[in-house]
1. Considering only residues of segment 1-11 that are in a loop (DSSP other than H, G, I, E, B) and over 15 Å from Ile32 (Cα atoms), which is most open to solvent (accessible area, probe 1.4 Å)?
2. Only residues in segment 105-128 that are on the phi < 0 side of the Ramachandran plot and touching a residue at least 24 places away in the same chain (Cβ under 8 Å) count as the first member; pair them with residues that are open to solvent by 50 Å² or more (accessible area, probe 1.4 Å) and outside any helix (DSSP H, G or I), Cβ under 8 angstrom, at least 6 apart or cross-chain, and list the lot.
3. Can you tell me which residues in segment 181-192 are free of Cβ contacts under 8 Å to residues at least 60 places away in the same chain and surrounded by 14 or more Cβ atoms within 10 Å (Cβ to Cβ)?
4. From the list Asp199, Asp135, Asp195, which residue is open to solvent by 10 Å² or more (accessible area, probe 1.4 Å), under 15 Å from the mean Cα position of the chain (by Cα) and among the charged types (D, E, K, R)?
5. Determine which member of the set Ile130, Ile142, Ile152 is outside any helix (DSSP H, G or I) and surrounded by 15 or more Cβ atoms within 10 Å (Cβ to Cβ).
6. Looking at segment 24-41 only, could you name the residues that are modelled with pLDDT under 95 and open to solvent by 50 Å² or more (accessible area, probe 1.4 Å)?
7. At least 2 residues that are open to solvent by 20 Å² or more (accessible area, probe 1.4 Å) and within 21 Å of Phe201 (Cβ to Cβ) in each: list the helices (runs of 4 or more DSSP H) lying fully within segment 42-118 that qualify.
Amino acid sequence: LKITPWLDEGITQEAIDQAQIGFYPGGDQITIPHFDINGRFIGLRGRTLSEQEGELYGKYRPLKINKILYNHPLGMNLYNLNHSKTAINIMKKAIVFEGEKSALLYKSYFGLDNDISVACCGSSLSAYQIELLRDCGAEEIIIAFDRQFQAIGDDEFKKLKNNLVKLHNKYKNFVNISLMFDKNMITGYKNSPIDCGPDIFLKLFKERIIL
């Protein structure tokens, strides 16, 4: 299935096919199936193409089709881990994005075989999700959350920084946690570190903060 808006943004057809991305005309939504680490289908989320809907209800939400809500507890799974677990085990690193689309962009830029990305579908990581990555052999977990601040030192900046430091302190005894943090403002407001292309992503990756 050709998902033109995402192809235009740099996501490859190969990545779309692997992730079984679809389209639900009833809700004008791109459909994103979620699978557990063993590839079992556990939920279905939709990405609305309507800006108005996105502002009112959020861009991403569980899909409801024929009165069935295809939701699942997001903190008990990591999107794309069923595909990236092998490379994570080889490279001993995992990159955690907020949204599914970032994982699709990552594998589009760096290849399906080199994909070490997952998405937590929010801006927090649960102990269960950390364990999932450790079980896959991750010795370093790289947090690659969106740039949710407009200026260095503003309230959103402080909130994000505190959130990331808290995350690090909570799990530092179990695994190395590093942070991709756009302190030089080279991406846009609310951008994922991968939204501005592979070169900027690699720069942010190289400059990640290892606490």
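The values are calculated or read from the model by the stated rules, or taken from the named source; none is laboratory data. No experiment lies behind these values; they were computed from the predicted model shown. Every residue, glycine among them, receives a Cβ derived from its backbone with ideal geometry; neighbour counts consider all protein chains shown. Please note that ligands, DNA and RNA were not included when accessible areas were found on the heavy atoms of the full protein model with its side chains. Shrake-Rupley method; radii C 1.70, N 1.55, O 1.52, S 1.80 Å.
1. Glu9
2. Leu105/Glu9; Leu105/Asp195; Ile116/Lys93; Ser123/Gln148
3. Within segment 181-192, Phe181, Asp182, Ile186, Thr187, Asn191 qualify.
4. Selected residue: Asp195, the only one of Asp199, Asp135, Asp195 that is open to solvent by 10 Å² or more (accessible area, probe 1.4 Å), under 15 Å from the mean Cα position of the chain (by Cα) and among the charged types (D, E, K, R).
5. Ile142
6. Tyr24, Pro25, Gly26, Asp28
7. Output list reads 81-91, 100-110.
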